[in-house]
Structures are given as structure tokens and as C-alpha cells.
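Everything on this sheet refers to the single structure shown next.
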Amino acid sequence: MKEKVFGEKQKGIYCAVELLIIILFFSCRYYQDEGVILYERIFEMIVWTAVFAVLLLEKRIEYFCEKYVRISSMAAVVLIPFFMFLNLEIMTNSNLDQFGKKKIAFNMIIIYLLTGVVLVIVNRTRMTLKIVVVLLTVLGVTNIYLTKFRGMPLMAADIFSIRTAANVANNYDYSLKWRILYGVYVSFILWMLINKLYRHKALEKRKRIFCAVWVICGIGVFYGVLFKTKIPEEYAKIKIRYSVAKNVGNVLTLVYSAKSLRVEEPEGYDRDEVETVMNEYKEGNTGYGGDVNIIAIMNEAFSDLGENVELTEDNMPYIHSLEENTIKGHLYTSVFAGNTANTEFEFLTGNSMAFVPPSTVPYQLYVRGNYPSLAHTLKAQGYAGNVAIHPFKINGFNRPNAYRSMGFDKFIGQKEFENPEYVRKYISDSSSFAKIIECYEETENTLFYAFNVTMQNHSGYYYPEFETPIQVAEAPGEYPGAEQYLNLIKKSDEAFEELVEYFSKVDENTIIVMFGDHRPGIEQGFYNLEAGKSKSELSPEEYMSRYKVPFIIWANFDIEENYIDKISANYLGSLVLETAGCKMTGYQKYLSDLREEVVAINVRGYWGENGNYYELEDESSPYYDKLQEYRNIQYNNMFDERNEEFFFLKK
């Protein structure tokens, strides 16, 4: 007996909801600020055709689905996943017209295999398609927000960052974008069409087993092609790098990024050749081992956004005024608006994220055992303290285990701050720096080393009670997130002044280095104003500005003043050791020499000492061989049988 799909009351509710969504959609569509290209218009025509089919031909559709159960079900299983693929890519503003047939085919194979797996499990056509629609819609919404917050879509390695993401998830702005409403609306239309299908078991027992075998075989073959051959790279030109979903596809990016969880040996890697290079630096432990306290501060989202945009007043007056016994300049990191731990990994270890799989966090995957780091180097020279300070929850990014591996003796989190000052909902930089002073005063008659990761300036930047007297001069009030951020940096500047004032009065020689981990996730319009053009118009070299943050090294004794226009986080630790006159490992000495040729490097590219910018894969670069040498040495450090004498200092 036929089961009635919709009652009159239920049908009326659906029509009312649909009418409301149509009005809402067109309202958002009217105010959209993104271009709409041809394939999106064509897709919209298909969507509206489906809308009118649902509204005007409902009885005929139901009759057809009831009379031709198998045909309608098979057609739905073929067409719904394909339309959801189109919806997903349009929803996330992908460059679908640049995909080509091969990349589209890879995406569709994954989606059809997913559909097959669900169908075998639930054995209901309607339920299967609804699950697929929900999963792909959730992926689309997730990627819209992730790309907004950190510039990257969802990748396989993000599973290891769930706890960290949960710690800060409620601090972001989740305002709706028209593309989200559009994508959800299309999914809703497809859901309604799915509801027209006749309810029945999709497969009899024998056919279900047969289908399961085919799905398993299909997954096995596809896994082999995708992960065990070079067909994706050579045949379909698929490369998983940052922000690649726009050119490869959301589903393929997520699945294929799992390949990066297993780090493969670099092409041409030869341990004997690496050892030969290392032998040149085994006796490279230079420096006089000067008695200098070292305080390193990685300041959350610390950036000088007033450098190219006129503000109503300077938001970093003290840091800008420092010249005597000061080294400062521009530092290039490998992350934007997130994945903080990757910048500290580069600073503490000298390794570059350029040679680490995209979206991975080494603290979570690779830092184990006795791991070479700045802390180990200083510890071998008699430094005490060796304290890591982070005024927030300590479980983020697996820091407790990573810090232990890297030689820190103590890790202080927010629970060990007594009556701290809060700015918005985070412990202030002033209180964070006061904790450094407290730890220093507890360490007597020995050298002191501390590493502080602050939290005050963490996103989001939409706290209405926070006062913002410093504004963008040419557009006051137009970028509230940016202006809130700019005023937070003023507080960091004031806190840094307090810290410098304290150590300027102590008798022991002390160096303080402070740098940003990444730029903040604020309005793209502000960054367009800063660059003088939109993000899509930036050249590869201009795009590097999104990774530029300031750094400053200050000493309470005589050091040679310097301004360094370009340096990257992987070099900064060695520069600090040089400035302090400390002994250096062979690796740290190698990095100091490398910086003379490759002056700054991150996940996107690098600058040579000739002033030219090169992308990592550019084999025509005069520094390409040197870069591969660095890559091989880093591979030996992170994944091969490490040369301990090269990476650790002899005690």
C-alpha cells in the first residue's frame, strides 16, 4: 500500500518555508559583493527549474516515482550527488571552470563511493541521499568559515586539532554569508526532491552483498590510484597546498590531504650526502657562551597593520621608538590567522613548514622523544628557568608533550596566574609579561630562559564593550574588527614598554625578542585597503604580505643595531643565539649561513639574497639546490635516523 508522502498540513508548511527562503535568498543575492560567472547562472537555472517542478508538478513527480521506482531511484542516486558536488563548489566560491574533467572526475568518484558506502549500510535510497546532502552541505559551510578564519579549507590533519579548535571556537564571528544561504537553500530543494522518492528497501540481500563487494573493490582500487601512484599529480595535475580547494575541489582536497599525514622521503634524498654537509658544521659550535638571559615572546596575532594604512594615532609608539641596542624588522611566518603552534615550532626548532605537509601541526604529529630545540641548546649551556608560559588552556596543540620533548622544565598555563588582568576575555599581555618577571625573580644565580606565548590579541575582534579610540583615518568605523585589533596592539605596546623598563634596570645582561605568530583574521576589506588591491589581484610575491609580522630584539647591553627587512621564523632562533653570543649547534650555524643565501622562506615561497622572489617548486631558481639541501637536512632531523651531534649541543 502506498504511503502518503505529504499531508496537506505538512505540504503547506514546506511551501511556506520555501517561499521564505526564496525571499531571503534573493535579498542576500541582491547585496552580494562577489561576481557570478556563467556556470553559476546555469546552475541557478537548473535549481529554479527544480523549484517550479516541485511546486507545480508535485503530483506528477510522485506518480512517476511510485510507478517507476527503480528508474527514479537510480536516477536520483546518479544525479543528486552530482548536483550536490556543483552546489558545494559554487557555495565555496571554487574556480569550477578551471577544474577540468579529470579533477571533476576524481571528486565525483569520491562522492559516489561515499554514496555507495552509505547505501550499503542503510539500504534506503531516500536516507542515503539525505545523508550525502547533509554531509556535503556541512563540509561546504565548514570550509567557508575555515577559509575565512585561517585561509585554508578542512584537511585530514585537522582531526588532530579538534580540541584546540574547541577551546577558541566561540571567539569567532559566524555571521551568515549569502553563499551559505544559497548552498543551504539548494540542499533544501534537493532534500524536497528526495522526499518524492518512493519509500522502499534499495537492495535485496543478494544484491546488497554484491553492491558491498563492488564498493569495497572500488575503494581499494581508488585508494591505490590516489595514494600509491603518481597518477593524480602527473595525470590530473593535483597538488595539495594551502587554499587549494578552490582549484581542486573540496572533497578531493579533504581526502587527498590524508596523503600528507605520511611524510615521504624527498626525491633524491641520500643520507650519506646529508652527512657530508653536516660534517662541515659538526665543529660549528660557535660563540663565547656569554652570560645573557634570554626571554622570547611570541605575541598572539602581533602585526604592524598601521605600516601601510594611516591611523588616527600610532598604535605601536614605543616599539617604533626603540632604536638603541635594538634589532627589528619584518618576519615571515607560514600561517595566516591560525595554527599558532606552527610559528613557534619554526622559531624553536629552526625547521620550516615549507617542507611539512599542508595543514599539519608538528606538535601533534612529529615532535616526540628528545627533540632538538632552542631550549635544549640553552639548557646544555647551563640555562635554568627553561619555562614555557601560555596564559590560556594548556592542552591546545599537544603543547605539554611537545614542550617536554623540546627540553622545557616547566609549563605554566592560565590556572597558575593569580588575579590576572583580563582584556576582553583573555589574560592581558601585561599580566603575561608580569609572570615572566615573577619566574625570573625566582631564578637566582643562574642564566634564565623563558618562552611566552600570549593570548590577549586572539580573535575574534567583535566585543562591543571594548573601546577603540584608534581608528582607520580614511574610513573610521568601517572596519570595526580591524579597529578593535589595532587598539589591542596598543595595549601590547604598553605592556612591552613595562617589560623593557623592568629589565633595563637589572644588572644581568638580558635579551628580549618578541614577534608575531600570524596576522589577525579581520575584514578582508581592510587588507584590500592595505594592499591597494583585492586578494585575487595579488601576485604571488605580493600575497606574501599576508604572512608578514614584526619582530624586535632588544638588549639591556650594547649590541649592534640593525634593521632586517626580511627574515623568517625558522631563522629567528639562530639570530637570537648569535646576538646573545651563545654557543650554537651545527644545525643552528647551518641556518645562519643559509640565511645569507635564502633570506626568508615559508610555505608559499622564498626570497634569495639577490632580492628576487621564487616559489618553492621553481627549479630555475639559482637557490633551488640549496633549498633541497635544507629540505634533506630537515628530513633527517624530523623523520630519519637523526645525526644527534649535528642537532644537539655537547654538554
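Bear in mind these aren't lab numbers, they're just calculated from the coordinates by the rules spelled out. This is a predicted model, so every value here is computed, not measured. For neighbour counting, all protein chains shown are included, and Cβ atoms are generated from backbone atoms with ideal geometry for every residue, glycine included.
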For the pair Glu444/Leu261, report the inter-label distance in nm, with labels modelled 7 Å from Cα in the Cβ direction. 5.2
Which residues qualify? For Gly329, with a placed amide H closer than 5 Å and at least 5 residues away or on another chain, they are Phe551, Ile564
When a/c reaches 1.5 or more, the comparison of a/b and b/c decides; with that in mind, is the stretch 509-638 rounded, prolate or oblate per its Cα gyration tensor? oblate
I want to check the label-to-label distance for Val225 and Glu578. Put each point 7 Å from Cα in the C-beta direction and report it in nm to one decimal. 5.1
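Sorted by mean Cβ packing within 10 Å, highest first, what order do the peptides 541-548, 183-190, 97-104 take?
On the way: 541-548: 17.8, 183-190: 21.5, 97-104: 13.8.
Averaged packing, sorted descending, gives the order 183-190, 541-548, 97-104.
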Amide H neighbours of Met584 at under 5 Å, excluding residues fewer than 5 places away on the same chain, with H built from the backbone geometry, are Thr286
Quick query: amide H of Ile412 versus all other amide H atoms, modeled in the peptide plane; which residues come in under 5 Å with a sequence gap of 5 or more or a different chain? Ala388, Ile389, His390
Beta carbons within 10 angstrom, averaged per residue: use that to sort the peptides 117-127, 499-509, highest first. 117-127, 499-509
List the aspartates and glutamates whose Cα lies under 19 Å from the Cα of Lys410, skipping any in the same chain that are fewer than 8 positions away. Glu344, Glu418, Glu438, Glu441, Glu442, Glu444
Using only the alpha carbons of the stretch 416-487, what is the convex hull's orientation-averaged projected area in square nanometres? 6.4
Residue by residue through the stretch 467-472, which ³J(HN,Hα) values in whole Hz follow from phi under the Karplus form 6.51 cos²θ - 1.76 cosθ + 1.60 (θ = phi - 60°), with glycine and proline marked x? 6, 10, x, 7, 10, 6
For the stretch 346-355, take each phi angle, set θ = phi - 60°, evaluate the Karplus expression 6.51 cos²θ - 1.76 cosθ + 1.60, and give the result in whole Hz per residue in order, putting x for glycine and proline. 5, 5, 6, 10, x, 7, 10, 5, 4, 10
Applying 1/(1 + (r/R0)^6) with R0 = 41 Å to the Cβ-Cβ distance of Phe82 and Glu467, what FRET efficiency is obtained, to the nearest 0.05? 0.20
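Residue separation times 0.36 nm, minus the C-alpha to C-alpha distance between Tyr563 and Ile159: what's the value? Show your work: numbers first, answer last.
Values: separation 404, 0.36 × 404 = 145.44 nm, distance 4.02 nm.
So the chain would gain 141.4 nm between Tyr563 and Ile159.
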I need the calculated FRET efficiency for the pair Asn279 and Asp97, taking r as the beta carbon distance and R₀ as 45 Å, to the nearest 0.05. 0.30
Virtual spin-label span in nm between Lys201 and Ser321, 7 Å along Cα→Cβ: 8.2
From the cross-link list Lys393/Lys583; Lys491/Lys533; Lys148/Lys196; Lys548/Lys589; Lys102/Lys205; Lys205/Lys228, which pairs have alpha carbons spaced over 27 Å apart? Lys393/Lys583; Lys491/Lys533; Lys148/Lys196; Lys102/Lys205; Lys205/Lys228
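With r as the distance between the Cβ atoms of Asp618 and Arg404 and R0 = 35 Å, compute the FRET efficiency 1/(1 + (r/R0)^6) and round to 0.05.
On the way: r = 39 Å, r/R0 = 1.11.
In this case the efficiency is close to 0.35.
Work out how much length Cys211 to Asp593 would gain on full extension: take 0.36 nm times their residue separation and subtract the Cα-Cα distance, in nm to one decimal.
Details: separation 382, 0.36 × 382 = 137.52 nm, distance 6.00 nm.
Here the segment from Cys211 to Asp593 would lengthen by 131.5 nm.
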Under the Karplus curve 6.51 cos²θ - 1.76 cosθ + 1.60, θ = phi - 60°, whole-Hz ³J(HN,Hα) for the stretch 591-598, x wherever Gly or Pro sits: 5, 4, 6, 4, 4, 6, 9, 9
